[in-house]
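The values are calculated or read from the model by the stated rules, or taken from the named source; none is laboratory data. Note that the structure is predicted; figures quoted are calculated from it, not measured. Backbone-built Cβ (ideal geometry, glycine too); neighbour counts: all protein chains shown. Each accessible area value is taken on the protein alone, full model and side chains, heavy atoms only, with ligands, DNA and RNA left out. Shrake-Rupley method; radii C 1.70, N 1.55, O 1.52, S 1.80 Å.
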Amino acid sequence: MRSDRIRAWTLALIALSCSAAAAETPKPRCSGVLDRCGYVDSRGTTVIAGDFEKAERFSDGLAAVRVEGLWGFINETGELVIKPRFQAVRPFEGRRASATVDGKAGIIDRSGAFVIAPQFRWTVPFTDEVALVEEGQADGPINRSDPFYSPTASLRLYHHRTGWLTPKGLRFQRFGRVGDGSASGLIWAATMEGDRLLGLLNDRGEWVVSPRFRHVQSLSDGRAIVADASGKWGAVDEAGAVVVPPRYDWLGYFRDGFGLVGGPGTGVSRKMGLIRKDGTVVAEPIYDKVERPEGGRPARVRQGDDWYEVQADGRLARVAADPNGILVGSCPQGLKIWQKGEKYLPTKDDGRPSVDRDVDYVQFGIVSENAISAARVLDCRAPIYIAYKGDGKDDENYTYLRTDGEPLFSPVQYYKSARVFRSGHAVVGTARWGQGGDWGIVDTEGQFTLPLQNQPLGYHPGASGIHGKPVFSIGVGDTQGFVDATGNRLPEMRAALDSAVRESALACGDGAKIFADGDRFGMVAKDGRVMIAPVHRALSCFRSGVAWAPDGNRQEWCPIGPDGQFRTMPACIKTFYPVRISHHAPEKFSDDAHESSILWVRAGLDYGLGRRQTPPGWVGDGVMSKASYSVAPFRP
């Protein structure tokens, strides 16, 4: 049965993906009520229409996929080249990958055959014949943490024929990557005792470079940064030979032939320069900013407002500067943003300055309903804010520019707080948030639709989605309410929000939802079809192709497949929580961990049904977090 399904999937995948562009590596995307995965191109077009429970990114031409709880690998055409039979895998590195069966990890080749038998807790390819391993029982599915940086002393090099190459008591760090064509037979290592200096071991367990460095990095552009015992920085090549003698206060990784060299000091106070791979300093560390080559532009350095480019012969040539500075953003309507040192100059379509001063901040990034992207571009769909620093700490002054570069307000008005435009409106305030002041709402024409008044305002995306028009919270604490963009009160919005939050506590993907029959839970599809019968004390939505429910016979949480029945893979687990929050523990409902997890999930579902006033909570660890709070919205 399983082999027939796998064969059918493979044939379907090959047929559906034959038109994928060979030059572009597909990326995984998961969706639907079952949260199954396929692969898409950069335009979002499906190129591998898989039905995988999980799908990982491609590495060295192969990607790990999970089918019916077991892992295998596909190639970039979607062909299942290594059939799913592993409990866990890690991405391929060159011709080798780590794989786990029966709780033990080994190393497989690109046919799926073990070249190092499964017998370890950890395995990571080092060369085709050697792996970094840790003794013990394997744990978890795909684990993205890197055991090279494990603080334990149980990592060792192991040869597939001769066995152990190194003793216990070493720590390791990557030097080169398997399959990158260079340095794949060397690895940084240090003893866990004494001075703990690092050196290079080869794939026979022999020291090629004796331990002498207190800090090392992996190779980048054929060079690895090192720092010696005195704290001076240099670099070694692929063979471990010193090519940049350790005599600098700081070095940054190499790329496109250049590394960064730093002078004395730390952070923003450190002056920077540029150094070539052979150790030639082409720009002494006296500059405010340095940039490696980028997009055809040569490497360059800046001192004050002046930029200098590195010529082919190594000389620095001053860049003929535009009097406005360097153009860093523009809108087709005419607005341009120029960078002048650490400040910005906005100009209009005719080149005249938009305001009478240089500014310190510009609103970069594309605005969405809930966030702003990190992209250094202008969102030219609405006015953007700019700001300059005042005399005091945290003294900032904001105003808006239209996308043609003209000020939004005439005459120009500055405010102590300004928010991005959403749905044609933005909030401004005469004080920083939480410090009182007056607050109002402006439109894209610079008119106040809600004049300044002494209650804080904030755009509320959830309420706006329900109302279908912009909604703003007004006031704080017990006095908080909701208004539209003109200040009209929306007294029904609190109840509508509460209802939506409760509904989300039962909502699953693609319109499915969890329902109750008495004290038992099941799942129903959008069309009303019962997907999971209401026989479970607690239940989750489908994630990665399976839902989870407690199995009373096993006293564990076990996976449920699309047929609504318990499965054996992935393996059952003692406790289950739909989400985890770092530095917090779930609210305790029972001294028994398994029972407590059941009652915790039930509390969330009962909240969605209106049987409970609040969702279950999270309790801070008392060190990194001392907060305790309910999970809202709860997601099953």
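The table that follows gives values for the structure above.
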quantity	calculated
Every residue from the stretch 480-497 that is in contact (Cβ under 8 Å) with a residue 12 or more places away in the chain, over 21 Å from residue 610 (Cα atoms) and either out of contact with any Asp or Glu (no Cβ under 8 Å at 6 or more places or on another chain) or not assigned by the TED database to the domain that holds residue 463 (or both)	481, 482, 483, 484, 486, 487
Candidate set from the stretch 344-356 (those that are surrounded by 12 or more Cβ atoms within 10 Å (Cβ to Cβ) and among the charged types (D, E, K, R)); member that is modelled with the lowest pLDDT	349
Wholly within the stretch 420-471, strands (runs of 3 or more DSSP E) carrying at least 3 residues that are assigned by the TED database to the domain that holds residue 489 and open to solvent by 20 Å² or more (accessible area, probe 1.4 Å)	448-453
Single residue of the stretch 71-122 satisfying the filter (part of a loop (DSSP other than H, G, I, E, B) and among the charged types (D, E, K, R)) that is nearest to residue 172 (Cα to Cα)	121
Matching residues in the stretch 510-542 - criterion: being more than 16 Å from residue 35 (Cα to Cα) and assigned to a strand (DSSP E or B)	515, 516, 517, 520, 521, 522, 530, 533, 534, 535, 536
Test: residue in the stretch 366-376 that is in the same structural domain as residue 337 (by the TED database), touching a helix residue (DSSP H, G or I) at 6+ places or on another chain (Cβ under 6 Å) and open to solvent by 20 Å² or more (accessible area, probe 1.4 Å)	yes
Failed criterion for residue 405 (all others in (1) part of a loop (DSSP other than H, G, I, E, B); (2) modelled with pLDDT of 95 or more; (3) within 23 Å of residue 461 (Cβ to Cβ) hold)	(3)
Conditions (1) more than 30 Å from residue 473 (Cα to Cα); (2) open to solvent by less than 40 Å² (accessible area, probe 1.4 Å); (3) modelled with pLDDT under 95; (4) of a type outside the set (D, E, K, R); number of the one not met by residue 509	(1)
Residue, farthest from residue 494 (Cα to Cα), within the stretch 443-468, restricted to residues that are in contact (Cβ under 8 Å) with a residue 40 or more places away in the chain and not small (Gly, Ala, Ser)	444
Looking only at the stretch 287-326, and only at residues there that are aliphatic (A, V, I, L, M) and more than 22 Å from residue 254 (Cβ to Cβ), the one that is modelled with the lowest pLDDT	321
Residue that is farthest from residue 163 (Cα to Cα) [pool: residues in the stretch 102-117 that are modelled with pLDDT of 95 or more and not small (Gly, Ala, Ser)]	110
Residues within the stretch 200-215 that are of a type in the set (Phe, Trp, Tyr) and over 17 Å from residue 246 (Cα atoms), tallied	1
Residue identified as open to solvent by 20 Å² or more (accessible area, probe 1.4 Å), of a type in the set (D, E, K, R), in contact with an Asp or Glu (Cβ under 6 Å, 6 or more places away or on another chain) and more than 16 Å from residue 133 (Cα to Cα) among 214, 255, 247, 196	255
So residue 351, is it over 29 Å from residue 220 (Cα atoms) and out of contact with any Phe, Trp or Tyr (no Cβ under 8 Å at 6 or more places or on another chain)	yes
Matching residues, the stretch 334-351, being within 34 Å of the chain's Cα centre (by Cα) and either charged (D, E, K, R) or assigned to a loop (DSSP other than H, G, I, E, B) (or both)	335, 336, 340, 341, 342, 343
